[in-house]
1. Take every Cα pair under 8 Å in the chain that's 6+ residues apart, average their separations, divide by the length, and report that relative contact order as a whole percent.
2. Lys and Arg at +1, Asp and Glu at -1: add these up for the other residues within a Cβ distance under 15 Å of Arg144 and post the number.
3. Once both labels are modelled 7 Å past Cα along the beta-carbon direction, what's the Ala40-Ala10 spacing in nm?
4. Using a 1.4 Å probe on the protein heavy atoms only, what accessible surface does Ile1 show? Give it in Å² to the nearest 10.
5. Please identify which residues in segment 132-157 have an amide N closer than 15 Å to a label point set 7 Å out from the Cα of Glu101, following the Cα→Cβ vector.
6. By how many degrees, 0 to 90 and rounded to 10, does the Cα axis of helix 73-87 deviate from the longest principal axis of the chain?
7. Add +1 for every Lys or Arg and -1 for every Asp or Glu among the other residues with Cβ under 11 Å from the Cβ of Cys4, and state the total.
8. Need one value: the accessible area of Asp99 in square angstrom, 1.4 angstrom probe, rounded to the nearest 10.
Amino acid sequence: IEECCDQVSAPTVKLRLAALRGLFDWLVRSGVMDGNPAHAVRGPTHEVVRGKTPILSASETRRLLESIPTETVVQLRDRALIALMTYSFARVSAAVGMDVEDLVQTAGRSWVRLREKRGKVHELPIHHKLLDHLDAYLERAGHRDQAKAPLFQSSRGRSGLLTGHRLSRHDAYTMIRRRAVTAGIVARIGNHSFRGTGITTFLLNEGSLEMAQEMANHSSPRTTKLYDRRNDRITQDAIERIRIE
């Protein structure tokens, strides 16, 4: 650990230590070793109370969505994908990994099924505005009845046509950067920005941290707090009280 601290960052050191703990745990379970010598070892202190991912305000998100034309199926796809990540707090890998059958209709309600990290399957109701965007996209795309088809599909060059193949998260990032520039968004947002945008907007509208944690499928509320940027506005107001002139 002392050697690594001189070469890499504290989070990397802690990650490597966790890997060693996992290795020794496996050796203990396999009967090779009697105990785990890494359990008593402590890594460097590293505490993060605010995430680094840039997020948007509700008005900026609305401006971004409204700036996307709705003339082609690709434009409708882009709007639906951004709306999904915002209204469901979905990670981009879970969003682009969805099939048509992951839009579930049950008991008269619409649900979205997300396959998150470590094989977790997470379901939650669909916001009515998100449902409108998804319906408009699927109506134009024409693959609503193909249950196993990728929900969000890549496009063929600039033809405005879908290929039938799954959209990659890298292509999603490129799309978001292009749409953000067109909408006049200054912040260098990416795929993950909409997760933080949705969580912060939810909390600003008197949603509870516990519910936000459940909706985001976080195992700890500390992780959810990293996306909570409510104090950003308070901090700016406080700074402006420093009146020199």
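The values are calculated or read from the model by the stated rules, or taken from the named source; none is laboratory data. What you are looking at is a predicted structure, and each value in this text was computed from that prediction instead of being measured. Every residue, glycine among them, receives a Cβ derived from its backbone with ideal geometry; neighbour counts consider all protein chains shown. For accessibility, only protein heavy atoms count, side chains too; no ligands or nucleic acids. Shrake-Rupley method; radii C 1.70, N 1.55, O 1.52, S 1.80 Å.
1. 21
2. -4
3. Inter-label distance under the simple model: 2.4 nm.
4. 70
5. 144-151
6. The two axes meet at around 40 degrees.
7. It works out to a net charge of -1.
8. 30
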